[in-house]
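Asks: Dumping the structure here so I can ask a few things about it.
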Amino acid sequence: MGRFWGSFVILLLVAASLPLAFMIGDLWPTRETERLLPFNLATYWNPFFIFVVPNMFFTGAIFFASGALSRKSIVIYTQGILLLVLYIGTSSLLRDLEQKEIASLLDPFGVRALSFYVQYWTPGEQNTLQIPFEGYILYNRLLWVGVGIVILLINHFAFSFNVVRGSFFRTKAIKDQTNRIRPEETKIPVATQYTNFATHFGQLIKLTVFYFKMVFKEIPFLAIVIAGILLLLVNAINLNELFGTSSYPTTYTILGLLGSFNLFFLIIAVLYSGELVWKERSVNLNLIIDAMPMPDFISLISKFLGLLLVYIVLIAGLIVSGIFIQMSYGYYKFELGIYIGTMYTETLAFLVLYTLLSMFIHVMVNNKFLGFAVAVALFIIFDFMPQIGIEHSLFRFGSGGLETYSDMNVYGHFVLPFSWFKIYWLAFAALLFAIAVIFSSRGSEDVITMRWKAGKLRLTRPLMALIISSVALFVSTGFYIFYNTNVVNEYTNKDEREALQVDYEKTLKKFEFTPQPRITHINLKVDVFPSTRDFTAEGYFYLKNKTNAPISDIHIQENASSLVKTEKLEFNRKNGVKEKFDKFKYTIYHLADALQPGDSVRMDFKTVFKTNGFTETNASNTNVVYNGTFFNNLYFPTLGYNEGYEMSDDNDRKEKKLPAKERMMERNDPRGLSQSLFGDDADHVQFEIVLSTDKDQVAIAPGYLQKEWEEGNRKFFHYKMDAPMCNFFSIISARYEVKRDKWNDINLEVYHHKGHEYNIDKMMEGMKDALAYYSKNFSPYQYRQVRILEFPRYSNFAQSFANTIPFSEGIGFIAKIEDPDKDIDYPYYVTAHEVAHQWWGHQVMEAGVKGNAMLSESMSQYSALMVLKHKFTPEIIERYLKYELDRYLSGRAGERKKEQPLELVEGQGYIHYQKASLIFYALQDYISEDSVNAAFRRFNNQWRFKDSPYPTSADLLKEIRKVTPDSMQYLIKDMFQTITLFENKADSAFYKEKGKDKFEVTLYTTAEKVRADSAGIESPVAINDWIDIGVYGKSKAGKDSLIYLKKHKIIKKENQFKITVNSKPRKAGIDPLHKLIDRHSDDNSKGLVKKEK
Amino acid sequence: MQLVIQNLNKTYANGVQALKDVTLTINQGMFGLLGPNGAGKSSLMRTISTLQEADSGSIQLGDINVLTQKEEVRKILGYLPQEFGVYPKIDAVTLLDHLAVLKGISNKGERKALVEALLNKTNLWQARNKNLGGYSGGMKQRFGIAQALIANPKLIIVDEPTAGLDPAERNRFLNLLSEIGENTIVILSTHIVEDVKELCTDMAIINKGQVLYKGSPLDAIAEVEGRVWKKRITKSELESYRAKFNVISERMIGGNPIISILSDQQPENDFESVPADLEDVYFSHIFGGMQKEIVA
């Protein structure tokens, strides 16, 4: 025991140096005072005592006890890895709303409990509050310290009774029997010794198999593998979840899941490459083996091959587990080719590279433990290299991944750079290996100079050939990659990109508000070449001066990508280039005769997008691809200064000496009011386009198909829009299957990848239900078609263009909606949301000012939610809202700048999507769905198809106010104009039986209301609110069902309610359906106890 | 075939000079390398076994330059290091077979016969399927000699093979060694004089990296014959005798030391002349004045 406490104290002292160092850092004179909070001692030591000390106690106790009882270090290793699994495994549980509590208890280190506790802390609270020692944090700490104490006690008693017993597993001594055979008479037969190639090859095979078996017999190895597979299975419980709803376990989903084993692979690679390099020396057999007549490289290469065999078998095992997981989900579409194509290329290459590097390190360092330390340190350094400015993949060991796999585009264009980078790194690793062969210690020499002396003799012709060819390959592939990434393509690092951003802003910001004409007509011919990943676009815009003054300078911003070239840009009147900023691809054309107000000019241009060679995999363009091209009009010339190119993060701006900037214009800014959310290049435009693509693909843009024809190997599509639309259009080309349907006279189409039929019917239904609801409640649909188009999962979103909805294969298409009581049908829901944008965004374009997304996004959220409400059970809606609440509260916890009230939202998704769902759902609950719809309808009528000026959130609120009764007017301030939160709680509840079918429920509640500022600092406000009081009984199916729900006016914090119901009550609560935003929504209801008289 | 070592020098990184200008010629037959612990025996043997580099000097084995043509040496080498371990979870047959493969016995049938014979020869047949982790020191040592005999080596180097063996095991072991064919160079290093005396036709005494004596054990004994004197003294006298005479050994018998000294004449009356033993040669070189004579 003394030993335990002694080492425990030393551990604590070592660990204490960390907070101490942070503290010193904080007190250091050069501290950036304006970015940091005032010094506070507790900030440093609270976490130490709540987390570090108990963790050290508990882990120390476990390791100490297991070490003392088993006397085997492998048991300790194995335990460490199991703890790691518990820790990582709980993180996957934490993602599921219903499992957060379990996760926070199970994590032995308390990290999950902490994140569970502080998950909704706003930035203001994170800055000011101390870690609390209560709730799940307290329970977690008590639990694991308790476990530690129990283990110590067990150890104490077990150990004192068993001192003499020795080890659990006693090795039996073998008796040295004298036997009848007389050794003296044995003749040693002559055996032929061969030293030819075949023999050496045989030795190689033999040793390879020997080392392979050796690794597989290691208990720690098996423990790591089992731990990794356990983690895999835990992670397999929640597959690719969205709203708690799983995806189909497609092969790429499973491959993503198998990726969680990579950590274990790395542990195995690092541990066993070292173990095997040291194998003979660790058992002291090295001198015998080293004196064997084998070529020098055989020992190392067989160790490498042995590990390779281990990896190959493990990968096969993982693939089998993957298939097993798929089967357990009832999914039988096994794509062995993809498994093999990914695991035996990307994963295996990663393992091979790290193994060879690690073996090289061990040989060169020639000290086992130092070798491990250097290897781990090096891997950490690799991770940090980008931070110190080493970004290029040529310098980042093992770089070049296969990136995202897409069912549509398969491995796409990533295969080429992947292959080149892997050849490059494998050549490098081969060189390392050759050097390792030279320097590997054979015999008893450890000093590097002596190893070199011996090594020189090993420079045989084959080894020299290996060195020369690997150097040649490394250098030549290096040059070839460099030629591709930096010569053929443009390469910039982070600093250069930032410098360009800064330069752009400093040079051109003065043109931000220079009046420009607006696009009124778009007529293009776009030829997409999927197989070479190119396109050319030629055509014209009509630009109209909509201002009151003549315009003579036209500012053209070309797309910043180096792949995009504008080959032609002409105006149909005399002009010249006034100023050209090549660096920014920004040109000012001067018209000889100024464009008079109301006058138009035609601008003809040709834009060419050309893919040359390859870039670094992470920098490659995923818009123009072999199958599933999807790009939008931002590739074409735009007008004027583009604010979007500026640096946005305030800390970065400060570093570059740029002033802090607002994310959006104020709501009353006339410049903002005059432009729509799609920018200031246009209001509504006439649109016509001819697309061509490869014969086996379909090309689609907004508009109605006029004509479709073939010419040679190309297929042509002519689309035309019959009414003005917004200046935002997509161009899509892919090999599609089409599902068609009709709603009234409207053509519905889902263009999808073959094999992704799972949810097409749900999407169709979503379109129909949405069109029906919106047409009835808001206004008629303005188009004659709606098309959903699947695109590869390089991005996960759906986006609404005029009558055209690109929809990522990663969301919805592979969602698995199985359990109607639990799964949220998000393919249906997302479809309804995107269709709603045809009203909110397309029919009514809003001004590009603060609060704009409340009009397009939030109104679409509400619209879709209403469609959902009429389709699914209240329980599903409640579940959906619970996720929205969680995502809103977590979203505000991660706010970087300031949280805005809904009416002033500045592109903050957690507000305009998640909070808006909650707010609008509550609003329609308080003032009725019809009233909200009436307000939306009036707002739509007033602004439909209008050009500048555009409406703002204030315009919608005006309509909402009109339909809100006086008693509820306060809601508008709470919901839209402030950040208001509630803390509702059921404190205690009981009921009395008052006679047959007559029960009196008494409920004590507390209700608090707070307002938060933009940093999340709260201040209480007096409560004077209508809040639901509900009582649950039991339905026939045995589920909770509401038998009483009514809004009560609550004017003080503590309240008592007496409610009479006529069936047996089970539960009662305040705001039981979570309509109000409440950070502890799970304490709103309480089970009832029966009280006799 | 002859093993010719010339002017071999080796200094370790820590400054210890393990070999000082070692020059030796070793013929076929058993050669004993005698010296105390740390004398440089293992260094020398490892260098011959291609496991260590020399700073200068040369080793020639027949036509083979041992220091550069390591591969050629290894083909005909059988080496048993002073200390070695085994894979504890592997049985003797498996490991011996494994080593035979590495030795180049690639014919499976021949290998099987060889392994069986070697295990028989080393009296490990009964324990052949037991994990080596359970072997006693003697059994392990015999396993070591079994592996050193794979593929009829022309050069066998056994480094302190008898250390830690009980007398019976040691006998068996030495018998085994002595059976090895005559056209083989066997170098046996030991700090036990008996080993050399019983087995070797030729020998060298080495201490602190230097060769102090080379020749046959018989010649060595002849060299000191008649010059070894013994006397029983008391403990208190020991210091003065040490100062006065060239004391080559002190042995306690019945609580009192018997000292041997080397002297051409009878040093004092009560010293008695004893027949020379190899041990006297050894001690005389290690501790005695002859060291100086030879160096000079």
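Asks: Against the definition (more than 14 Å from chain B (Cβ to nearest Cβ), of a type in the set (A, V, I, L, M) and touching a Ser or Thr at 6+ places or on another chain (Cβ under 6 Å)), how does A:ALA427 come out, yes or no?
Replies: Criteria met by A:ALA427.
Asks: With respect to B:LEU118, is the statement that it is crowded, with 23+ Cβ neighbours inside 10 Å, farther than 25 Å from B:ILE286 by Cβ and over 23 Å from the mean Cα position of the chain (by Cα) true?
Replies: Considered against the rule, which asks whether it is crowded, with 23+ Cβ neighbours inside 10 Å, farther than 25 Å from B:ILE286 by Cβ and over 23 Å from the mean Cα position of the chain (by Cα), B:LEU118 comes out as no.
Asks: Which members of the stretch A:1030-1042 meet the condition of being of a type in the set (A, V, I, L, M) and either at pLDDT below 90 or touching a Lys or Arg at 6+ places or on another chain (Cβ under 6 Å) (or both)?
Replies: Scanning the stretch A:1030-1042 gives A:ALA1037, A:LEU1042.
Asks: Hey, B:LEU96 hits all of (1) buried (at least 20 other Cβ atoms within 10 Å of the Cβ); (2) of a type in the set (A, V, I, L, M); (3) more than 13 Å from B:ALA151 (Cβ to Cβ); (4) more than 7 Å from every other protein chain (Cβ to nearest Cβ) but one; which does it fall short on?
Replies: (3)
Asks: Looking only at residues in the stretch A:589-606 that are of a type outside the set (Gly, Ala, Ser) and in contact (Cβ under 8 Å) with a residue 60 or more places away in the chain, which one is farthest from A:ILE556 (Cα to Cα)?
Replies: Filtering the stretch A:589-606 for residues that are of a type outside the set (Gly, Ala, Ser) and in contact (Cβ under 8 Å) with a residue 60 or more places away in the chain, the one farthest from A:ILE556 (Cα to Cα) comes out as A:LEU595.
Conditions (1) in a helix (DSSP H, G or I); (2) out of contact with any Phe, Trp or Tyr (no Cβ under 6 Å at 6 or more places or on another chain), marked per residue:
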| site | (1), (2) |
| --- | --- |
| A:PHE382 | yes, no |
| A:PHE397 | no, no |
| A:LEU402 | no, no |
| A:MET408 | no, yes |
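Asks: Pick from the stretch A:413-440 the residues that are more than 35 Å from the chain's Cα centre (by Cα) and of a type in the set (Val, Ile, Thr): which of them is nearest to A:TYR480 (Cα to Cα)?
Replies: The extreme case among them is A:ILE435.
Asks: Hey, any hits in the stretch A:432-439 for a residue that's in contact with a Leu (Cβ under 8 Å, 6 or more places away or on another chain), in a loop (DSSP other than H, G, I, E, B) and more than 13 Å from chain B (Cβ to nearest Cβ)?
Replies: Within the stretch A:432-439, none of the residues are in contact with a Leu (Cβ under 8 Å, 6 or more places away or on another chain), in a loop (DSSP other than H, G, I, E, B) and more than 13 Å from chain B (Cβ to nearest Cβ).
Asks: Can I ask one more? Quick check on this structure: which one of A:TYR888, A:TYR913 is touching a residue at least 24 places away in the same chain (Cβ under 8 Å), more than 30 Å from A:ASN727 (Cβ to Cβ) and not polar (S, T, N, Q)?
Replies: A:TYR888
Asks: For the stretch B:60-89, give me each residue that is buried (at least 18 other Cβ atoms within 10 Å of the Cβ) and more than 9 Å from chain A (Cβ to nearest Cβ).
Replies: Selection gives B:LEU61, B:ILE64, B:VAL66.
Asks: Still on this structure, please answer the following. Filter the strands (runs of 3 or more DSSP E) completely within the stretch B:1-108 down to those with at least 1 residues that are of a type in the set (Val, Ile, Thr) and in contact with a strand residue (DSSP E or B) (Cβ under 7 Å, 6 or more places away or on another chain).
Replies: The qualifying strands (runs of 3 or more DSSP E) are B:3-11, B:17-26, B:56-61.
Conditions tested, residue by residue: (1) touching a residue at least 24 places away in the same chain (Cβ under 8 Å); (2) assigned by TED's automatic domain parsing to the domain that holds A:GLY1033.
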site	(1), (2)
A:SER967	yes, no
A:TYR970	yes, no
A:LYS973	no, no
A:ASN984	yes, yes
A:GLU1000	yes, yes
A:THR1005	yes, yes
A:GLU1008	yes, yes
A:ALA1012	yes, yes
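Asks: A further question follows. Going by the structure shown, is A:PHE535 more than 17 Å from A:ASP680 (Cβ to Cβ) and modelled with pLDDT of 95 or more?
Replies: yes
Asks: Of the residues A:MET364, A:MET327, A:MET359, which single one is in a helix (DSSP H, G or I) and farther than 15 Å from A:ALA429 by Cβ?
Replies: Selected residue: A:MET327, the only one of A:MET364, A:MET327, A:MET359 that is in a helix (DSSP H, G or I) and farther than 15 Å from A:ALA429 by Cβ.
Asks: Within the stretch B:171-192, track down each residue that is outside any loop (DSSP other than H, G, I, E, B) and in contact (Cβ under 8 Å) with a residue 12 or more places away in the chain.
Replies: Scanning the stretch B:171-192 gives B:ARG172, B:PHE173, B:LEU174, B:LEU176, B:LEU177, B:SER178, B:ILE185, B:VAL186, B:ILE187, B:LEU188, B:SER189, B:THR190.
Asks: Can B:ALA113 be described as within 9 Å of chain A (Cβ to nearest Cβ), assigned to a helix (DSSP H, G or I) and farther than 19 Å from B:GLY85 by Cα?
Replies: Considered against the rule, which asks whether it is within 9 Å of chain A (Cβ to nearest Cβ), assigned to a helix (DSSP H, G or I) and farther than 19 Å from B:GLY85 by Cα, B:ALA113 comes out as yes.
Asks: Condition test on A:PRO724, is it buried (at least 23 other Cβ atoms within 10 Å of the Cβ) and either touching a residue at least 12 places away in the same chain (Cβ under 8 Å) or β-branched (Val, Ile, Thr) (or both)?
Replies: No.
Asks: Quick check on A:GLU875: is it surrounded by fewer than 22 Cβ atoms within 10 Å (Cβ to Cβ), within 14 Å of A:MET664 (Cβ to Cβ), modelled with pLDDT under 95 and of a type outside the set (Gly, Ala, Ser)?
Replies: It is false that A:GLU875 is surrounded by fewer than 22 Cβ atoms within 10 Å (Cβ to Cβ), within 14 Å of A:MET664 (Cβ to Cβ), modelled with pLDDT under 95 and of a type outside the set (Gly, Ala, Ser).
Asks: On to the next question. For the stretch B:219-242, does any single residue satisfy the condition of being acidic (Asp, Glu) and at pLDDT 85 or above?
Replies: yes
Asks: Could you grab me the full set of residues in the stretch A:128-182 that are modelled with pLDDT of 55 or more and within 14 Å of A:SER70 (Cβ to Cβ)?
Replies: Across the stretch A:128-182, the qualifying residues are A:ILE151, A:ILE154, A:ASN155, A:ALA158, A:PHE159.
Asks: Please count how many residues of the stretch A:250-299 are in a helix (DSSP H, G or I), within 14 Å of chain B (Cβ to nearest Cβ) and farther than 21 Å from A:ILE226 by Cβ.
Replies: Here the count works out to 14.
Asks: Sticking with this one: Given the conditions (1) part of a strand (DSSP E or B); (2) free of Cβ contacts under 8 Å to residues at least 24 places away in the same chain, report the number of the one that B:VAL158 does not fulfil.
Replies: (2)
Asks: Looking only at the stretch A:559-618, how many residues end up being among the charged types (D, E, K, R), over 30 Å from A:VAL502 (Cβ atoms) and assigned to a loop (DSSP other than H, G, I, E, B)?
Replies: 3
Asks: Also, I was wondering about something else. Of everything in the stretch A:184-243 that's more than 46 Å from the chain's Cα centre (by Cα) and hydrophobic (A, V, I, L, M, F, W, C), which residue is farthest from the other protein chains (Cβ to nearest Cβ)?
Replies: A:PHE197
Here is a yes/no grid of residues against (1) farther than 30 Å from A:ILE254 by Cα; (2) assigned to a helix (DSSP H, G or I); (3) touching a Leu at 6+ places or on another chain (Cβ under 6 Å):
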site	(1), (2), (3)
A:LYS776	yes, yes, no
A:SER779	yes, no, no
A:TYR783	yes, no, no
A:TYR828	no, yes, no
A:MET859	yes, yes, no
A:TYR862	yes, yes, no
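Asks: Now for a separate question. Which ones in the stretch A:456-469 are of a type outside the set (A, V, I, L, M, F, W, C), within 23 Å of B:SER56 (Cα to Cα) and more than 10 Å from chain B (Cβ to nearest Cβ)?
Replies: none
Asks: Counting only residues that are touching a helix residue (DSSP H, G or I) at 6+ places or on another chain (Cβ under 8 Å) and in a helix (DSSP H, G or I), how many does the stretch A:473-512 have?
Replies: Count: 18.
Asks: With respect to A:PHE49, determine if the residue is assigned by TED's automatic domain parsing to the domain that holds A:GLY148 and not in a helix (DSSP H, G or I).
Replies: No; evaluated as a whole, the condition is false for this residue.
The values are calculated or read from the model by the stated rules, or taken from the named source; none is laboratory data. Not measured: the values here are computed from a predicted model. Positions of Cβ are generated from backbone atoms using ideal geometry, with glycine treated the same way; all protein chains shown enter the neighbour counts.
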